[in-house]
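J.: My questions all concern the structure below.
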Amino acid sequence: MAQMADARTALEQYFGYRSFRPGQERLVEAILAGRDALGVMPTGAGKSICYQVPSLVLPGLTLVVSPLVSLMGDQVRALKAAGARPSYLNSTLTVPQQNTVLKRAREGWYQIMYVAPERLADERFLAFAQALAAPGGLGIPLVAVDEAHCVSQWGQDFRPSYLEIARFIDALPSRPVVAAFTATATERVRTDIVQMLGLRRPETVVTGFDRQNLYFGVEEMGDKAKAAWIRDYACAHPRESGIIYCSTRKAVDALAFELGRELAPHGIQVGRYHAGMSADERTWNQAAFIDDTVPVIVATNAFGMGIDKPNVRYVIHHNVPESIEAYYQEAGRAGRDGDPASCYLLWNGNDFRLRRYLIDQTHDEAEADPEAAERARQNRYRLLQAMEGYCETTGCLRAYILRYFGDEGALGVEAPGGAVADAAGTAGADGVGGVVSAAGEAAAPSAIPSVAHPAGCGNCSNCTTSYEAEDVTPLAREAVLLVRATGGRFGRALVADVLHGANTERIRQYRLDEAPGYGSLRDEPTARIKDVLSQLVGRGYLVQSQGQFPTLGLGPRAAEVLAETPERPFCFTIKRRAAARRSPARSRRAVDLLRAEAATDSRPRVGDDAELFERLRGVRRELALEREWAPYMVASDKALRGMCRRRPTTREELLEVPGIGEKKAEDFGDVFLAEIARFEEEHAGSDG
Ligand code: ADP
Ligand code: ZN
């Protein structure tokens, strides 16, 4: 198909990439052939290329609906840097500026325009679009909907304004192709997207959710230990960019202050970001993070929607987020460039107490309908329980997440070259592929059995830790018996205290010191008893009620304990960490990658690649500063590494470097080539 050839040319010319990734290829092909499309791909899979490339090939103006006003400016700047003619229309522009944009758009100046969904309901904008799409007009070939899950009430970030999109499209004199994209969509949300946006038999691509370049770690520790852990991690990775997520503004302020003070002597600056800060301060901090002046930022979940920074090397959660969806989205901001990156979750019981408290305090939605409000509350508890399961599982963490999203098949699938395995779904009669299933019903921990780790990913903290089985049958038996004897009225901590034989006011108050199992586990530390109780819940012997003060009751498998016979003995083992857990302390990832890449080619080279890399980073910084761009808009880390390895001497050779398109080569080529030549000259003769 001729158009597909044009698309490949555009990909190479503007973005400097040789080929589409498999999922991209199918979506672009469908769009160019005039079909609707739905792309469900994890962050970093390359969704934007799927509509940007068609916009450069198709005549007329492509509209991109995005909820992220803050992102629009960046996307437009990045596209401009690549040589395209993009624009955006949102409330950050003054009215005269908006008029100029509309005027130029009417004159056919732009290929692509980003708008916020609210804009679609605007009379003037509708008239503008109708004129474009009318016979004889320039045409609107494509409406691309980013973050399409916002259209669904079942999703995380429902936006009523997304419901305008279908109305807007219906009001156009000729229907454009409609393409929707999202990184998180359970089956239910996907069905919603198709219906609410009125997609017609869309080509559906569901890329595997696995992000192979991400390392996942879970660390249980006390509140005080968390800050020290993060400080040590940041110190060990001084040149890397990282995001630290906290659950409250107060926690952000406290941690940012502490880390700032402790990291300053190491030359590492720390920023912060939350909705309670002034808009100016937020913008400034975000910009400083994106342009690499402030490498570490402490933030609430208000930060990140629309952070397109490709080289975030670690995301550490200082607190537990509300769901696996939220966690995977936030953690997924690490390593968008496909290079190795790490995601750590630090947790303890307080995190879950706080989360439960927050759930009980939320009264925002469906006030009028108490039943719906209760359903929403229960749903939140279910989401949180799955998060609890993630913290407590001893199986592969990646497998746990993938199973949650219904993407179990992805593990063990070799990705063909790219960072993601492409387990694409096919379009069914209703246009919805069938790969991801039932993740909408957030599974409780017990529904997610642990995976023994030889089958695991080998790149998460559970897979890199060895465990040994430990028989704790007597403990487990006493616990189940006590829960039965006390009628399931008490929570985990109190049950543990009773078994341990603690002498507390609450125990005396409920006269639990007279309960039959009181003190039966006097020799076991309460922490250990609590641990076993959690695992009993996890495996279905006990159940934990929902609510802020959850209680333990008998689970479906309790009978196996209570009806134990010599022929059918009850036996309960838990996994114990055999060796202390150590995080793989790779302090300078870029350098490691350079070394690894250098090992695969035997070309003689002058000087050390790592040294050149730092020099080119400096050049990139200058170029970015001059233009007030983020450094990655000048060239990605990967492109710089490509230069170190290939050592181009001409523009043609420079164009061979992945990520360097024609416009970049034209604008910056000479500067980079000169720096490389200078570097080689300085090192000539001394080594090589
Ligand atoms: P998403 O929007 O899905 O999170 P992006 O569009 O930001 O992903 O792309 C993620 C990264 O992958 C970017 O650095 C982008 O330049 C790169 N990328 C996208 N498509 C390709 C491709 N076909 N070949 C190489 N790199 C690509
Ligand atoms: Zn694993």
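The values are calculated or read from the model by the stated rules, or taken from the named source; none is laboratory data. This one's a predicted model, so the numbers in the text were calculated from it and none came from an experiment. Positions of Cβ are backbone-derived with ideal geometry, glycine not excepted, and every protein chain shown enters the neighbour counts. Remember, those area values only see protein heavy atoms, side chains included, never the ligands or the DNA or RNA. Shrake-Rupley method; radii C 1.70, N 1.55, O 1.52, S 1.80 Å.
J.: Specify the residue that is nearest to ligand 1 (Cβ to nearest atom); the eligible residues are those in the stretch 11-23 that are open to solvent by 10 Å² or more (accessible area, probe 1.4 Å) and part of a helix (DSSP H, G or I).
T.: Initial filter on the stretch 11-23 (open to solvent by 10 Å² or more (accessible area, probe 1.4 Å)): 12-15, 17-22.
Among the residues that remain, those that are also part of a helix (DSSP H, G or I) are: 12-15, 22.
Values: Glu12: 10, Gln13: 13, Tyr14: 11, Phe15: 6, Pro22: 10 Å.
Filtering the stretch 11-23 for residues that are open to solvent by 10 Å² or more (accessible area, probe 1.4 Å) and part of a helix (DSSP H, G or I), the one nearest to ligand 1 (Cβ to nearest atom) comes out as Phe15.
J.: Only one of Pro141, Pro135 is closer than 23 Å to Val28 by Cα and either over 32 Å from the mean Cα position of the chain (by Cα) or in the same structural domain as Tyr51 (by TED's automatic domain parsing) (or both). Can you tell me which?
T.: Answer to the check: Pro141.
J.: Among the residues of the stretch 236-250, write down those that are within 21 Å of the chain's Cα centre (by Cα), over 21 Å from Asp291 (Cα atoms) and of a type outside the set (Val, Ile, Thr). So that I can check it myself, show each step before the final result.
T.: Quick first cut of the stretch 236-250, residues within 21 Å of the chain's Cα centre (by Cα) only: 237, 240-249.
Then keep just the ones that are over 21 Å from Asp291 (Cα atoms); that gives 246-249.
Result: Cys246, Ser247, Arg249.
J.: Yes or no: Ile230 modelled with pLDDT of 95 or more, β-branched (Val, Ile, Thr), in a helix (DSSP H, G or I) and under 20 Å from Glu330 (Cβ atoms)? First the steps, then the outcome.
T.: Details: modelled with pLDDT of 95 or more: yes; β-branched (Val, Ile, Thr): yes; in a helix (DSSP H, G or I): yes; under 20 Å from Glu330 (Cβ atoms): yes.
Here the answer is yes, as Ile230 does meet what is asked.
J.: Tell me, which helices (runs of 4 or more DSSP H) lie completely within the stretch 456-540 with 2 or more residues that are away from ligand 1 (no atom under 16 Å from the Cβ) and open to solvent by 60 Å² or more (accessible area, probe 1.4 Å)?
T.: Passing ranges, in order: 473-485, 505-509, 526-538.
J.: Kindly establish whether Ala183 is at pLDDT below 95 and aliphatic (A, V, I, L, M).
T.: On the way: at pLDDT below 95: yes; aliphatic (A, V, I, L, M): yes.
Considered against the rule, which asks whether it is at pLDDT below 95 and aliphatic (A, V, I, L, M), Ala183 comes out as yes.
J.: Would you check if there is a residue in the stretch 156-177 being closer than 30 Å to Lys663 by Cβ and buried (at least 16 other Cβ atoms within 10 Å of the Cβ)?
T.: Within the stretch 156-177, one or more residues are closer than 30 Å to Lys663 by Cβ and buried (at least 16 other Cβ atoms within 10 Å of the Cβ).
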